[in-house]
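Data block below; observations after.
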Amino acid sequence: MCLRTGDVRGVDGGNKRMITCDSLVYQPFQPSGEALACDGVSIQSIVEHVGTPTYIYSARMVRESYRAIDEAFASYPHAIHYALKANSTMAITRLLRSLGSRADANSGGEIKIAERAGFAPGDIVFTGVGKTREELDYAIARGVGTINAESAGELDRIAAIARAQGRVARVALRVNPDIDAKSHPNISTGLKTNKFGVPLQEARGIYRARRETAGLQFTGVHIHIGSQITTLDPLRRAAETLVSLALELREDNFALEHVDLGGGLGIAYEGRPIIDPADYAGAVVPQLQRIGLPVVLEPGRAVVGHAGALVARVVDTKCFPDGRKFAVLDAGMGELIRPALYGSFHRIVPVNTRDGDETAWDVVGPICESSDVFARDRQLPPLEVDDLVAILDAGAYGSVMGSNYNRHMLAAEVLVDEGKWTTIRRRQTLEDVLALES
Ligand SMILES: Cc1ncc(COP(=O)(O)O)c(C=O)c1O
């Protein structure tokens, strides 16, 4: 386990084992000598070769996070389908495969990435709102493990495509249980106001009405109530709801093979107490035992979030008459959009810390948007132009959400593994971008 029991702050009354950032047993980004390193490898030396902005990942942290979840569920039949949407850079995807993970793909593109990384189609679940006919056609032709359908209409389109191909598609229906994940509204997916899944009360009828539909084989039921969930109660309730539905479907003689709990396990961005994977398992396994079917888990953030940092250079500093100080970086919302999109918190650490008192800084990017801000009033040591900073916990929903806005090129990505580093994605060039234009 990479996490150990930390302090108890009573966030989730019934569950007493909580962890914080400080209680991570393994911290990949730590000082080595005077300067910050990743798994002991100097960040300064990496960016001297690769430049900035650059994502740097710790393979060790990915391994430890994956194993923590796998070990937490050791007592119950389970399959981890790493959610590629969190980070699908090929080397990261291959690393997860080498650990024994299966894949959760959210688009035709992610299915193809998973296949290129060596995942067998049968080890891929295909999830996501708004699957196109072309994506479904491809997924069915390839024989993906299960398609998690989002609506009755989608099930019917899947059936028609499967029949046209002379195949049977393995499907589960995603239910929307109207459970508040108590996460950020933009990453909550299990409320009736969200676009995801079918209302719970309609699910059984949708299964029953399509029991005999040629081209469909119902293999499971699916739920995913949101991301960055930091309390156990919504996850426990989601499991209870899902298992109750699966039991009803068993009464209706559906031969289900699994239940799929989705992802959502939060990570400690701020030192707030969050859930240990063992506590997560402790909360949901008693529910799962009511049905006894294998569980599919689709973690993304909890596997790669802590493993990555975005390293950027200070390109300007300025101080306004009211005393507000800005450090302008060469990375912004085009590299890491989470703070601009969700107001999310990321720890920011200078790579080489200068002597001097900590003062409040607004750490901002170079993009022409006032929301292009990584942190406001962040207490940091003195910063000067050309200093390097690392924005931590950026391994999930970081580079995958990158954009070329303001014609910035996509950042390079580096993987550190056992004392060596490798560029796993070179920096994009203007030629790469213009190759698409006439
Ligand atoms: C269906 C589904 N499964 C899994 C995930 C992964 O979630 P997380 O990264 O929070 O574990 C998501 C992300 O929102 C999702 O939509």
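The values are calculated or read from the model by the stated rules, or taken from the named source; none is laboratory data. Values in this document were obtained by computation on a predicted structure and should not be read as measured data. With ideal geometry, Cβ positions are generated from the backbone for all residues, glycine too; neighbour counts draw on all protein chains shown.
Points to keep in mind about this one:
- Screening Val198 with (1) within 12 Å of the ligand (Cβ to nearest atom); (2) touching a strand residue (DSSP E or B) at 6+ places or on another chain (Cβ under 8 Å) gives one miss only, at (1).
- Only listed residue being within 15 Å of the chain's Cα centre (by Cα) and either at pLDDT below 95 or within 15 Å of the ligand (Cβ to nearest atom) (or both), chosen from Thr127, Thr146: Thr127
- Here the condition is being charged (D, E, K, R) and either within 20 Å of Ile348 (Cα to Cα) or buried (at least 16 other Cβ atoms within 10 Å of the Cβ) (or both); of Arg376, Arg407, it holds for Arg376 alone.
- Selection from the range 182-204 of residues that are within 20 Å of Pro299 (Cα to Cα), among the polar types (S, T, N, Q) and assigned to a helix (DSSP H, G or I): Asn186
- Selected residue (criterion: farthest from the ligand (Cβ to nearest atom)) from residues of the range 282-293 that are at negative phi and small (Gly, Ala, Ser): Gly282
- Selection count, the range 207-231, where residues are closer than 30 Å to Ala396 by Cα, more than 10 Å from the ligand (Cβ to nearest atom) and small (Gly, Ala, Ser): 1
- Yes/no for Val303 being at pLDDT 95 or above, within 16 Å of the ligand (Cβ to nearest atom) and not basic (Lys, Arg): yes
- Set Ile179, Ile158: member being among the β-branched types (Val, Ile, Thr) and assigned to a helix (DSSP H, G or I): Ile158
- Taken over the range 154-172, the criterion of being among the basic types (Lys, Arg) and either more than 25 Å from Val296 (Cα to Cα) or touching a Phe, Trp or Tyr at 6+ places or on another chain (Cβ under 9 Å) (or both) is satisfied by Arg163, Arg170.
- Strands (runs of 3 or more DSSP E) wholly inside the range 18-112 containing at least 3 residues that are in contact with a Phe, Trp or Tyr (Cβ under 8 Å, 6 or more places away or on another chain): 35-38, 102-105
- Qualifying residue in the range 205-223 (condition: β-branched (Val, Ile, Thr), closer than 24 Å to Pro77 by Cα and not in a loop (DSSP other than H, G, I, E, B)): yes
- Only one of the numbered conditions (1) at pLDDT 95 or above; (2) away from the ligand (no atom under 16 Å from the Cβ) is not met by Ala172, and that is (2).
- Across the range 114-170, the qualifying residues are those that are among the polar types (S, T, N, Q) and in contact (Cβ under 8 Å) with a residue 40 or more places away in the chain, and the one among them that is surrounded by the most Cβ atoms within 10 Å (Cβ to Cβ) is Thr127.
- Restricting the range 232-267 to residues that are over 18 Å from Leu200 (Cβ atoms) and more than 14 Å from the ligand (Cβ to nearest atom), the residue that is modelled with the lowest pLDDT: Leu232
- Within this structure, Ala68 passes the test of being within 14 Å of the ligand (Cβ to nearest atom), of a type in the set (A, V, I, L, M) and on the phi < 0 side of the Ramachandran plot.
- Yes/no for Val296 being part of a strand (DSSP E or B), in contact (Cβ under 8 Å) with a residue 24 or more places away in the chain and within 13 Å of the ligand (Cβ to nearest atom): yes
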